[in-house]
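All remarks here apply to the structure that follows.
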Amino acid sequence: MNRKKKVVSTLKKKAKKANAKLAPHSNKPRYISKAEREKMALEADVIQKEESNQQAGKAQEEQVSAE
């Protein structure tokens with residue numbers, strides 16, 4: 001290869017690698033640590049309990065108003 005072609009190809013390779021690093025191309029989900037998963041599960045449980053308590057309170061109010 002002549003010198004000019006070699007320099008151009010080298011610069012193109014570097015540019016291609018730089019663009020590849022910038023562009024997110026993976027469909028893989030972000031890693032969530034075990035501690036974060038447990039924390040999210042606890043938060044979901046708390047929210048679920050609150051919703052069930054609210055629904056139970058509404059049901060009691062309906063029964064009282066029906067009587």
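The values are calculated or read from the model by the stated rules, or taken from the named source; none is laboratory data. This is a predicted model, so every value here is computed, not measured. Cβ sites come from the backbone with ideal geometry, for glycine too, and all protein chains shown count toward neighbours. Remember, those area values only see protein heavy atoms, side chains included, never the ligands or the DNA or RNA. Shrake-Rupley method; radii C 1.70, N 1.55, O 1.52, S 1.80 Å.
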*Ordering Ser33, Ser26 from largest to smallest accessible area (1.4 angstrom probe), what's the sequence?*
Ser26, Ser33
*Kindly list the residues of the range 14-32 that lie in the label zone of Glu43, defined by a backbone N under 20 Å from the point 7 Å along the Cα-to-C-beta vector.*
29-32
*Averaged per residue, what accessible surface does the chain expose to a 1.4 Å probe, in Å²?*
107 Å²
*Share of the chain's accessible area from carbon and sulfur, percent, 1.4 Å?*
56 percent
*Per-selection Rg to Rh, the chain - Cα, Kirkwood hydrodynamic radius*: 1.62
